[in-house]
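Where a number appears in this text, it was derived from the coordinates with a stated rule and is not lab data. All figures in this text were calculated on a predicted structure; none of them were measured in a lab. All Cβ positions, even for glycine, are placed from backbone atoms using ideal geometry, and neighbour counts span all protein chains on display.
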Amino acid sequence: MEKTNRSTRDTGRSSREESRSTRDTPRGGRDRESTRGSTRGSHKGFEYHKPTADAVKKRAEQRGGNEFDSIFKQGAKVFKVNDDSNLIRIVPPTWPQPVHFGYDIFVHYGVGPDKQTYLCPKEMNGDPCPVCEERARAVKDGDDEYAKELRANKRVVYYLVDRDAEKEGVQIWAAPWTVDRDLNTLIVEPRSGEVLAIDDPVNGYDVEFKRTGKGLTTKYLGLQVARRESDLGSDEWLQFAIDNPIPEQLDYYSYEHIANVFGGKTSKKDGDDFDEQQDRGLRNVEERSTRGKSSEPELTYEAIHEMVYEELCAIIDDEKLDIDPKDSTSDLELADWVCEDLKIEKSSRSSGRGSAREEESPRDKLRNMRRE
């Protein structure tokens, strides 16, 4: 009898445990713990692919609906200057017969309604350039302000390694020509004339600088060369530069393409009204495409005296004038020296911008602020 009761109790306990086990099983009959991770994405006909780091990075750097033209070929990794401190190592030049570790380029900024950027065909290769032709026309018409906007700007392209982001490898940077000037001043010993080979891949030197401001107020400060020499780093970095020399990374566009963008024909902003500058750029585009090279635009006294320090330094550099900009006390004084050396006299006629107006235009106010 006792054995029978014990058997009955054991049977009841087994039944209750089985019932509890059934309640603990998730609805639908799946064991949540045992199947987690092993059945994810296991639907019939579907295979999950985890995104790669390269793919995510490309998506993070993608551009919006209006795809902008670039002075560099697609795939070039462009160096983005940090807002504060920057520590870089310049990679030596790898193109034939280099005379400098930087490669000079001339760029037109703000072309067309979408403010595109293009290498100047005239300055780079001696080919006709629609923007330069329009600038020559503006100079002839006495529209010095408009001519100034159309001028090709000098930049110096470096290959470099960002010491704070070496995992990015070799990057390309179109630096302001003033940075290149100041850097070359630092690497020459004044008395002996000996040059410090900062780009030597084995015994070179890192370069440090800071950037402040944005846009027109951008300044590069505290440029200095490291006191100790060091190795460039990975052999892959130098090999990359050898396989992809800077001149081969520059992207040139045809005369017709630049002319169309300049005139607004390729703008994706359908329905937008052209501003005055683009309207002037559009005029006679077809006529310009059949013309030969225009004569070099002449600098005027008025145009030179509207330039800021960096632009005046560019003229001194381009014209190889015997002037030290640092000796000047103001932009106006430096402009006087440039005109004197170039033998440019003040025009007797007005520049046409209303210099005697009672109120300054916003552009004039900005220019005066920059001079101060």
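Quick notes on this structure:
- Pairs beyond 24 Å (Cα-Cα), from Lys122/Lys210; Lys154/Lys214; Lys115/Lys326; Lys154/Lys219; Lys140/Lys326: Lys122/Lys210; Lys115/Lys326; Lys140/Lys326
- Ranked Phe79, Phe101, criterion: other C-beta atoms within 10 Å, fewest first: Phe79, Phe101
- Relative protection proxy for 122-129, 320-327, from highest mean packing down: 122-129, 320-327 (other beta-carbon atoms within 10 angstrom).
- Modelled FRET efficiency - R0 41 Å, Ala226 with Tyr48, Cβ distances, 0.05 increments: 0.30
- Summing charges over all other residues whose Cβ lies under 11 Å from the Cβ of Ala174, with Lys and Arg as +1 and Asp and Glu as -1, gives 0.
- Counting charges near Asp206 (Lys, Arg +1; Asp, Glu -1) among other residues having Cβ under 13 Å from its Cβ returns a value of -4.
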